[in-house]
Amino acid sequence: MNRYERMFSRLAANDEGAMVPFVVLGDPEPEASLEIIDALVAGGADALELGIPFSDPIADGPVIQAAAGRAIAAGVTPEICLDLLTQIRKRHPDMPIGLLVYSNLVVHDQPEKFFARWADAGIDSVLIADIPSVELAPYAELAIAAGIAPILIVPPNATEACLSRVAKLGRGYTYLLGRAGVTGTQTAMQRPARQLVEALKKAGAPPVLLGFGISTPEHVSAAIESGAQGAISGSAIVQVIAENLQDAAARSRAITQFVASMKAATRKK
């Protein structure tokens, strides 16, 4: 089994869902980024989703845009992110680690080369945020060939054709959007239709993780109750980083405490 399969098997045996935090690599600067990852793991993260800083993150709201801006201002490049990921993998060898990236970075590096380099660094999955599933097949095939799971996004209004593509191309997990729009905490999660989660399972899609608008333990509980196998939280965690930029110790404590509260909500009553 790969790392995702082992994670979902362990969680199912314990009757709990996955808590997957998202942060931007290199935010607010490289060494602090490593400390943040350690704090996420200490809080009980089951897997990690990490973003490469990008100048035009169109799927992200202001909180994550600001994080990308901080990392870029600190001189963080994709090459530095590769080095960071290599260090993270050494620190956490069994942790499933996914990469969220925009297509410009994949195409600029040449897709086959991109997937090979990140596979060597220890990435388990890649989600290309701005390529719709209808155009993803060539990238998914290259990712699979490199040993990387392609992650597909499912919107709240997904069609049967979309669900079929996700089942055919997706690996690792399925990213189900809790609401339309961009990432952020301002708009609360819209409770997903159980029918859509069930339709994904029936189609044979990878396990469902709910993201977008997941900012409280109550949101996590709602995701688990809907039938999803876990939840992804990004903006709420990145906001904790933004509020503790000058105090590394306080930042680590706050991150660990927040993730622990979110993880506790994955445990089924």
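The values are calculated or read from the model by the stated rules, or taken from the named source; none is laboratory data. Here the structure is a predicted model, which means the values were calculated and not measured. Methodologically, a virtual Cβ is constructed for each residue, glycine included, from the backbone with ideal geometry; neighbour enumeration extends over all protein chains shown. Surface areas here come from the heavy atoms of the whole protein model, side chains and all, with no ligands, DNA or RNA. Shrake-Rupley method; radii C 1.70, N 1.55, O 1.52, S 1.80 Å.
Remark on ILE97: its backbone amide H falls under 5 Å from those of LEU48, ASP124, SER125, a criterion applied only to residues 5 or more positions apart or on other chains, H modelled at 1.01 Å from N. The simple Förster model, with R0 at 25 Å and r as the Cβ-Cβ distance, assigns LYS268 and ASP94 a FRET efficiency of 0.60. Comparing PHE114, PHE54, PHE258 in a Gaussian network model of the chain where C-alpha atoms under 10 Å apart are linked, the largest mean-square fluctuation is found at PHE114. Our summary gives the stretch 20-61 a relative contact order of 57 percent, counting only alpha carbon pairs under 8 angstrom and 6 or more residues apart.
Our note on the geometry: Cα centres of the stretch 212-251 and the stretch 135-164, 25 Å apart. Can you find, among ILE58, GLN229, LEU34, the residue farthest towards the positive end of the dipole of the chain? Put +1 on the C-beta of Lys and Arg, -1 on that of Asp and Glu. The residue sitting most towards the positive pole is GLN229. Per residue, the convex hull spanned by the Cα atoms of the chain measures out at 111 cubic angstrom. Rank ALA73, ALA167, ALA45 by mean-square fluctuation in a GNM of the chain with C-alpha springs under 10 angstrom and give only the top-ranked residue. Between ALA73, ALA167, ALA45, it is ALA73 that shows the largest mean-square fluctuation.
Per-residue Karplus couplings for the stretch 232-246, computed as 6.51 cos²θ - 1.76 cosθ + 1.60 with θ equal to phi - 60°, are listed in order as 10, 10, x, 4, 5, 6, 5, 5, 4, 4, 4, 7, 9, 5, 9 Hz, Gly and Pro entered as x.
The relative contact order of the chain, computed from alpha carbon pairs under 8 Å that lie at least 6 residues apart in sequence, is 24 percent. Comparing mean-square fluctuations of GLY17, GLY204, GLY44 from a GNM of the chain with C-alpha springs under 10 Å, the top value falls on GLY204.
Label positions at SER55 and ASP38, each projected 7 Å from the Cα along the C-beta direction, are separated by 3.4 nm. For the residue pairs LYS90/LYS202; LYS113/LYS202; LYS90/LYS263; LYS90/LYS201; LYS201/LYS268; LYS113/LYS168, alpha carbon separations beyond 29 Å are given by LYS90/LYS202; LYS113/LYS202; LYS90/LYS201. The amide H of ASP60, built 1.01 Å from its N in the peptide plane, has THR183 as neighbours under 5 Å, considering only residues 5 or more places off or on other chains. What is the percent carbon and sulfur in the accessible area of the chain, measuring with a 1.4 Å probe over the protein chains and ignoring ligands? Carbon with sulfur: 53 percent of the solvent-accessible area. One decimal place: the segment SER103-GLU135 gains 10.4 nm when fully extended, by the rule 0.36 nm per residue minus the C-alpha distance.
Once the Cα-Cα distance is subtracted from the 0.36 nm per residue extended length, the ARG194 to ALA12 segment shows a gain of 63.6 nm.
Note that the stretch 1-129 presents 38 Å² accessible area per residue, ligands and nucleic acids not counted, probe 1.4 Å.
Of all DSSP beta bridges confined to the chain, the antiparallel ones make up roughly 5%. Over the stretch 1-150, what relative contact order in percent results from Cα pairs under 8 Å that are six or more residues apart? Taking the mean separation of contacting Cα pairs over the length of the stretch 1-150, I get 23 percent.
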